[in-house]
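Contents: one structure, followed by commentary.
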Amino acid sequence: MVREILIFRDAGLMADHTAGEWAAIAGKAVRDKGRFTAALSGGKTPVDLYRRLSRIKDLPWDRTHIFIVDERFVPFEHEASNYGMIERTLLRHTGIPRENVHPVPTAVDTPGEAAGRYEEELEYFFGLRHPRGEGMPRFDLILLGLGADGHTASLFPGDPALKETSRLAAAVSPSGFAEHERITLTLPVINNAANIMVLAAGDSKAAAVREVIAESNSPLPAAMVRPEQGRLVFLLDRRAASLLSC
């Protein structure tokens with residue numbers, strides 16, 4: 001694993017740099033394989049990034065495939081939908097082909113059914129072998145956030161989904177502040193990515209950032225993001241990095 005820690009004066013500069021990283025990774029993937037695959041997260045932190053990307057018209061959008069890291073079990077038009085936010089801030093402005101967008105199918109009866117159908121979509125798209133568990137998707141890029149409680153994607157401290165070793169997607173019922181059940185990519189999928197970028201901004205993230213980066217035995221979900229054959233980059237604003245010693 002290659003790990004990098006980048007600290008920026010503000011969230012705007014962080015978004016600018018991440019957009020440049022996206023362009024470089026996408027360009028290489030298209031040259032090498034003919035397509036670029038990315039899984040995107042919701043939340044407030046990546047909004048500036050998505051808006052910046054939406055204005056870069058010379059990116060290979062026709063060769064780009066977008067998946068969702070995690071989703072609340074709500075309709076796409078719901079204000080809490082991660083896909084809805086990504087569609088409004090990024091996708092509708094790029095001309096990306098509709099068939100290149102792969103949202104979590106939430107128009108089903110249960111989160112478990114949504115997770116199962118999303119897993120089937122991943123298996124089909126990436127041409128994985130059967131039975132399940134014999135292969136993992138290899139995303140070119142996964143964008144993650146980091147919560148104040150140390151969660152990432154919809155993998156929360158103590159949740160059984162953290163122990164998943166073979167499933168590609170899991171249903172999650174968060175406790176506490178979370179209002180909606182969720183569907184998330186699992187750690188084996190995340191850790192198989194070629195590039196993982198973790199974005200964190202604001203004072204509320206500082207304690208979690210310090211623990212995830214500085215403590216080798218942290219039990220926090222974000223600390224379990226350890227790509228075996230990939231690159232892990234933490235992109236932080238100064239407030240989120242304020243408790244780091246480096």
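Summary table below
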read-out: Any hit, the range 199-208, residues being over 16 Å from the mean Cα position of the chain (by Cα) and closer than 27 Å to F125 by Cβ; value: no
read-out: Positions within the range 172-204 being surrounded by fewer than 20 Cβ atoms within 10 Å (Cβ to Cβ) and under 24 Å from H78 (Cα atoms), in sequence order; value: S173, P174, S175, G176, F177, A178, E179, H180, E181
read-out: Residue within the range 224-235 that is charged (D, E, K, R), surrounded by fewer than 22 Cβ atoms within 10 Å (Cβ to Cβ), closer than 19 Å to A15 by Cα and touching a residue at least 60 places away in the same chain (Cβ under 8 Å) present; value: yes
read-out: Any strands (runs of 3 or more DSSP E) falling wholly within the range 143-219 and containing at least 1 residues that are among the small types (G, A, S) and in contact (Cβ under 8 Å) with a residue 60 or more places away in the chain; value: 169-172, 195-200
read-out: Residues that are more than 21 Å from T186 (Cβ to Cβ), over 16 Å from the mean Cα position of the chain (by Cα) and in a loop (DSSP other than H, G, I, E, B), drawn from the range 83-116; value: T94, G95, I96, P97, A107, D109
read-out: Residue in the range 45-67 that is touching a helix residue (DSSP H, G or I) at 6+ places or on another chain (Cβ under 6 Å) and of a type in the set (G, A, S) present; value: yes
read-out: Identity of the residue in the range 92-113, farther than 16 Å from S54 by Cβ, in contact with a helix residue (DSSP H, G or I) (Cβ under 6 Å, 6 or more places away or on another chain) and hydrophobic (A, V, I, L, M, F, W, C), that ends up surrounded by the most Cβ atoms within 10 Å (Cβ to Cβ); value: V104
read-out: Test: residue in the range 181-201 that is touching a His at 6+ places or on another chain (Cβ under 6 Å) and either within 27 Å of L244 (Cα to Cα) or not hydrophobic (A, V, I, L, M, F, W, C) (or both); value: no
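Taken together, the values in this text are just the output of simple stated rules run on the coordinates, not laboratory data. This structure is a prediction, so every number in the text was calculated from the model and none was measured. Using ideal geometry, Cβ is built from the backbone for each residue, glycine included, and neighbour counts are taken over all protein chains shown.
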